[in-house]
Structure formats: structure tokens, C-alpha cells
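Read-outs throughout are calculated quantities, based only on the coordinates presented, and are distinct from any laboratory measurement. Keep in mind that what you see is a predicted model, and the values were worked out from it rather than measured. Cβ placement follows ideal geometry from the backbone for every residue including glycine, while neighbour counts extend to all protein chains displayed.
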Amino acid sequence: MPETDVVVIGAGQAGLSSAYHLRSSGLDFVVLDANPAPGGAWQHRWPTLRMATVHGIFDLPGMRFTPPSPDEPAADAVPAYFTAFEKDFGIDVRRPVAVTAVRNARDGRLLVESDNGTWTTRALINAAGTWTRPFVPYYPGRETFRGRQLHTAHYRGPAEFAGKRVVVVGGGTSAVQLLVEIADVAATTTWVTRRPPVFRDGPFTPDYGREVVAKVEARVRAGLPPGSIASATELSWTPQLREARERGLLLRRPMFDRIISDGVRWRDGSAQDVDVILWCTGFRPALDHLAPLRLRGPRGGIVVDGTRVVADPRIHLVGYGPSASTVGANRAGRAAVRELRALLAAPSRLDGRGDGGTRERSADIGAFAA
């Protein structure tokens, strides 16, 4: 059974940033990635997502991301960048390796079980992201709907909605981007959200970024499941959205109360015939493989300080909660490695009660994934 100091789960922005800093830490490590190729979740983005409509890509440490053509698909541009990063820095990513469970071993180490072997490790950086955990809320009658339901994760472009009556659910950037795309070919589109959307006229400043991160961080430190960075961010008035407003596409309706066989119904009794419900309702952190460690607290979340799991300082969650933005993941990867280096230099602190070293706050956001 292979032994190492640190196992990194995931090779997206968070995992690669962590691996970069581990290279110079003096610690042995291995990176396990469930994807078939470099690129993290970006390789699965819908083909019509172009670089012009991505919020921005923050550089991985040590390598500048040269902006490609605005018309280049994000699913091509970002994986190419990640591929070059892995090659240039000699980061050996084992793939495809899907981690199925992480357990405590009898000697104080961790067992990382996968579909391609088991590793034993002194510490763990979980950077598995959220893409594999699309979230669809339950509404009464969902199982009776005779039309089609799909999530953002399964969207492959507007052509499949041609001539359809489509309801787009969600108040984030992905929801409005897909709404605008689909409106060009659909028979009708209806936009529904739980809360009235908030649009932002001003620039995205570092101060505003800190405000967004603080909201997410407060939930994590309180032991609640983290809200996403995207959910805490207001919508920006891009030229695309200003044009959509002029076309009358951004007329939001409140969330329906029930799904019926041929559509949706609101609390006031009004109904609408629908062929497709597109759930742009976000993702949840991929943490199921950590369930054997029983890290969740009574409020449903995992309490972390920075990236360190308070209940077990051997484990760091990078790209979780306040470090879920691309720049946040970079800084969090550096901080996690610094803490683990200090922790692993003092074996007596591997009992889950140490303070895990110094903490660096991921306080700024420079870019978000669309």
C-alpha cells in the first residue's frame, strides 16, 4: 500500500495550487483526480460558454494565464492552461482515480480508498470541488412532470430547447446567461427565483470581494453548510444583460409553489404550461468520501478555520466555502500547505487537538467561475 505525507484529492484550481506549494514543502505527496484529463470542472462546461462571458480566470501560482480569444470555448481554453501547468511544474496527477472513502487507520494515519487502489497518508487536502454534486431542490409534484428536467451541469447548448417552453430556475450568473441563450430559440422562456435578483452597477472591487467572502466565511465558522461564493455575489450589468433587459428577457417571476404534470403552478393558483425545467440552482461540496470521518457538526456543516478542519487538523478543505473562488483557492492552497508543514513536523499534534499552525484568510476575490 503506497504511503505518503499528503494526499490531494482533485486537480482543479484548488488542487493544483496546493500541489504547487507542496513541491517546495519537503513533504511527499500524491494528487488524485477523478477526471479523465486535466482541466478540473472546466472540461465539463457547456460548449457555448465562451471566454468573453466567463467572469475571469485567476492565474495559477507561478504561471500566467494568457487570455485567449474571447470566442474560444472555456472548456478548451482553461483545460489547456491546466495541462501546461501540470507539465511545466512536473506535477504527477494520477487519473482517473475516484476517491470513494477516507478512513482513520489504527496508526493515526488516514486511509484513502479509491477505485484504483488505497493510499495511506499523514494528512489530506480535499480539493474535490462541487461539479459532481449538482443541487436540485425538491418541489411537490416533481415526479409527476411529463416534460424534461435538467441541471446546469447537464446543459449542452441552446439547440435542444428549440421550440420549447422553458422555465429557468435560479438567480445566479449561470441562470441569466443560459436564459439569454435559450431565449433565442425557445418558444417561451420564464425566469423564476426564490428572491428578487440584485444587479450591481459598480465595478467589482477588492472591498466588495472581501464582503462576499466574509458572508460565506461566517457561515463556515458557525458550522453551517457554506453558501456558494456565486450565491453571495450580485449580478453585474454586462453588455449582454443590458441588451437582454431591453428585450424584456429579465422579467423575473417568484418561485412556483408546485410542479404539475404539464407545467408549474404558483401559490395564487396561476399555472403555466412548460416543456422543460432548467435548474440553475448551484452545487454542493463533494464531501461524501469524508463521511467515515464524521466531520460534520450538529448544524450540518464542517467547521473550518481558514481551510483547516477544526475537528481534525490533518484535513484541509481547499476550494470550500470562502476559498471557493479562483484567487481564494490559490491563497488557501498556500496557507494549507504552510499549516500542514508545521503540523507534520510535530507528530504529537496529530491527535486532532492541535491548532494546526498559523492561518491565512482568503480575503480577496479577483475572479469567479461562471
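Assuming 0.36 nm per residue, please report the length gained on full extension of the stretch Ala342 to Arg284 beyond their Cα-Cα distance. Please list the in-between numbers first.
Working: separation 58, 0.36 × 58 = 20.88 nm, distance 3.03 nm.
Net length gain for the segment: 17.9 nm.
In this structure, Thr83 and Val198 have a Cβ-Cβ separation that, at R0 = 41 Å, corresponds to a calculated FRET efficiency of about 0.65. On full extension, the segment bounded by Gln240 and Arg296 gains 16.1 nm, given 0.36 nm per residue less the C-alpha separation. Footprinting exposure proxy ranking of Phe161, Phe89, fewest other C-beta atoms within 10 angstrom first, gives Phe89, Phe161.
Using R0 = 56 Å, the C-beta based FRET efficiency linking Asp28 and Leu251 works out to 0.50.
Taking 0.36 nm per residue of separation and subtracting the Cα-Cα distance, what length does fully extending Thr53 through Trp266 add? Working shown, then result.
Details: separation 213, 0.36 × 213 = 76.68 nm, distance 3.24 nm.
Taking Thr53 through Trp266 to full extension adds about 73.4 nm, to one decimal.
The ranking of Tyr320, Tyr81 from fewest to most other beta carbons within 10 Å of each one's beta carbon is Tyr81, Tyr320. Going by neighbour counts of Cβ atoms within 10 Å, the residues Phe29, Phe65 line up, fewest first, as Phe65, Phe29.
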